[in-house]
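The values are calculated or read from the model by the stated rules, or taken from the named source; none is laboratory data. Quantities reported herein were computed from a predicted structural model and do not represent experimental measurements. Heads up, the Cβs are rebuilt from the backbone with ideal geometry, glycines too, and the neighbour counts pull from every protein chain shown.
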Amino acid sequence: MAFHSADASVDPSIERFIDQFLNTICNTSRRRILEYLSNPLDSTSSLPERSVGEIAEHLGLAISTTSEHLKQLRSMRLLVTRKEGKKTYYRLHNHELVQAFQDLIRFLETHYQQNVLLPSESKGTS
């Protein structure tokens, strides 16, 4: 992946999308929703569909709060919905993009553990 130089001509709409995407996905509750929807029910299943109530219960959030998070994730086209009666079911729409972000999170965790959580005697020495 190449980063654009400061003087590079970058489509402003792409820049806005990237900023909006990162702002949306960098919220802990929204990341946990994506993680929850990324895990198959079992080893033979495809990715699950879950109702707002199931997601809220799993995360320990109010349904209204969960609904707002789901709305934001849908606005970025990360989730799709399916109505069944009065219930709405959510599932991942762009699994590859979510997977790439989750890979980044794992890399950041490793980087933090290796480079920030240094033994106390080596802190302060470079």
note = A careful count of residues in the range 79-88 that are aliphatic (A, V, I, L, M) and surrounded by 14 or more Cβ atoms within 10 Å (Cβ to Cβ) gives 1
query = What are the pairs, 6+ residues apart or on separate chains, where a residue within the range 98-112 that is among the polar types (S, T, N, Q) has its Cβ under 8 Å from a residue that is part of a helix (DSSP H, G or I)?
reply = GLN99/SER38; GLN102/LEU34; GLN102/GLU35; GLN102/SER38
note = Within the range 71-110, the count of residues that are basic (Lys, Arg) and either within 16 Å of the chain's Cα centre (by Cα) or in a helix (DSSP H, G or I) (or both) comes to 5
ask   = Of all the residues that make up the range 54-90, how many are in contact with a Phe, Trp or Tyr (Cβ under 7 Å, 6 or more places away or on another chain) and not hydrophobic (A, V, I, L, M, F, W, C)?
value = 3
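Each row is one residue, and each column tells you yes or no for (1) within 21 Å of ILE25 (Cβ to Cβ); (2) surrounded by 14 or more Cβ atoms within 10 Å (Cβ to Cβ).
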| position | (1), (2) |
| --- | --- |
| GLY53 | no, no |
| LYS71 | yes, no |
| SER75 | yes, no |
| TYR90 | yes, yes |
| ALA100 | yes, no |
| ARG106 | yes, no |
| GLU109 | yes, no |
query = Quick one: what pairs do we get from the range 11-25, first residue closer than 24 Å to HIS69 by Cβ, second of a type in the set (Ser, Thr, Tyr) and surrounded by 10 or more Cβ atoms within 10 Å (Cβ to Cβ), C-beta under 8 Å, 6+ apart or different chains?
reply = THR24/SER75
Top-ranked residue of the range 101-126 - restricted to ones that are among the charged types (D, E, K, R) and more than 28 Å from MET76 (Cα to Cα), ranked as modelled with the highest pLDDT = LYS123
inquiry  = Among the residues of the range 40-70, what is the count of those that are outside any loop (DSSP other than H, G, I, E, B), farther than 16 Å from THR81 by Cβ and not polar (S, T, N, Q)?
reply    = 3
ask   = With respect to the numbered conditions (1) surrounded by 12 or more Cβ atoms within 10 Å (Cβ to Cβ); (2) among the β-branched types (Val, Ile, Thr); (3) over 16 Å from the mean Cα position of the chain (by Cα), which one is the sole condition not fulfilled by ILE14?
value = (1)
ask   = How many residues does the range 58-97 hold that are farther than 18 Å from ASN23 by Cα, small (Gly, Ala, Ser) and touching a residue at least 40 places away in the same chain (Cβ under 8 Å)?
value = 0
request  = Kindly indicate whether LEU37 is of a type outside the set (Asp, Glu), part of a helix (DSSP H, G or I) and either out of contact with any helix residue (DSSP H, G or I) (no Cβ under 7 Å at 6 or more places or on another chain) or modelled with pLDDT under 90 (or both).
outcome  = yes
